[in-house]
Amino acid sequence: MAATQQNGPDEPGSRQSRWTDPDPNEVAGKIEALRALAPAQFAQELADFIASPEKDRVTAYAIRSPELGRKARRVIANLVADPDKYLGSPTEEGNNQHRERLRRFRLNAEHEALLIYNVLAGIIARRGFMPPESNPRARARRRLADEFPERFLELVREEQQADDARAAEQEQQRAAAKAAAKAAKRAAGA
């Protein structure tokens with residue numbers, strides 16, 4: 001009978017190998033470096049991280065941090081929708097290989113989005129709250145604001161002006177109604 005080899009918890013290749021947390025200062029530095037990136041650069045860094053077979057623990061901790069988690073989840077939706085934009089295509093790749101690479105990337109991206117969601121939900125839960133229900137309208141609004149910030153701010157200003165105009169009109173109507181009530185009261189008293 002052949003003996004099977006059992007890898008101990010400290011041996012490389014073992015499923016039980018110890019997970020060591022990266023240095024918090026390295027993670028903080030990575031968070032600041034990723035925060036400083038433009039949205040397109042951040043998306044490219046995130047795509048490279050997701051596509052990489054070897055996951056960098058410092059980058060993983062940074063991306064899943066409360067500081068970057070929500071931003072990463074929004075960007076992942078773009079990555080899943082249009083992975084060709086972020087992934088370079090090898091020159092010698094057939095159609096089936098290309099489809100398989102995109103499928104794996106999308107699965108990895110969705111997995112990462114779920115991990116980030118669970119990490120953020122855990123942070124919220126530790127504070128004694130329940131995570132908010134998913135809101136596709138709010139997510140779409142945030143994505144539009146990220147993709148078209150100038151137009152978004154124009155629309156916000158237009159809506160604020162419309163609200164101000166509506167409030168002024170209502171105030172005029174109330175003042176006119178008050179004046180009419182006073183005039184009617186004076187006419188009734190005379």
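Annotations for the structure displayed:
- Which listed residue, of 109, 125, is in contact with a helix residue (DSSP H, G or I) (Cβ under 6 Å, 6 or more places away or on another chain) and among the aliphatic types (A, V, I, L, M): 109
- Residue in the stretch 111-142 that is farthest from the chain's Cα centre (by Cα), counting only those that are basic (Lys, Arg) and surrounded by 10 or more Cβ atoms within 10 Å (Cβ to Cβ): 141
- Every condition in (1) over 20 Å from residue 47 (Cα atoms); (2) over 24 Å from the mean Cα position of the chain (by Cα) holds for residue 97 except the one numbered (1).
- Residue match in the stretch 133-145 (condition: hydrophobic (A, V, I, L, M, F, W, C), within 24 Å of residue 43 (Cβ to Cβ) and in contact with a helix residue (DSSP H, G or I) (Cβ under 9 Å, 6 or more places away or on another chain)): yes
- Residue within the stretch 133-155 that is in a helix (DSSP H, G or I), among the aromatic types (Phe, Trp, Tyr) and farther than 29 Å from residue 52 by Cα present: yes
- Near pairs, Cβ below 8 angstrom, 6+ apart or cross-chain, from the stretch 73-98 (farther than 17 Å from residue 142 by Cα and in contact (Cβ under 8 Å) with a residue 12 or more places away in the chain) to any residue that is polar (S, T, N, Q) and outside any loop (DSSP other than H, G, I, E, B): 86/44
- Scope the stretch 64-94; condition outside any helix (DSSP H, G or I), of a type in the set (Gly, Ala, Ser) and surrounded by 12 or more Cβ atoms within 10 Å (Cβ to Cβ); matching residues: 65
- Every residue from the stretch 100-132 that is in a loop (DSSP other than H, G, I, E, B) and hydrophobic (A, V, I, L, M, F, W, C): 129, 130
- In the stretch 45-63 there is at least one residue matching the filter, namely being outside any loop (DSSP other than H, G, I, E, B), surrounded by fewer than 18 Cβ atoms within 10 Å (Cβ to Cβ), at pLDDT 85 or above and touching a Phe, Trp or Tyr at 6+ places or on another chain (Cβ under 6 Å).
- Taken over the stretch 100-110, the criterion of being surrounded by 12 or more Cβ atoms within 10 Å (Cβ to Cβ) and either more than 22 Å from residue 61 (Cβ to Cβ) or free of Cβ contacts under 8 Å to residues at least 12 places away in the same chain (or both) is satisfied by 100, 101, 102, 104, 106, 107.
- Filter pass, residue 97 being assigned to a helix (DSSP H, G or I) and either surrounded by 15 or more Cβ atoms within 10 Å (Cβ to Cβ) or in contact with a helix residue (DSSP H, G or I) (Cβ under 8 Å, 6 or more places away or on another chain) (or both): no
The values are calculated or read from the model by the stated rules, or taken from the named source; none is laboratory data. Just so it is clear, the model here is predicted, and its values are computed rather than measured. Note that each Cβ is placed from the backbone with ideal geometry, even for glycine, and that neighbours are counted across all protein chains shown.
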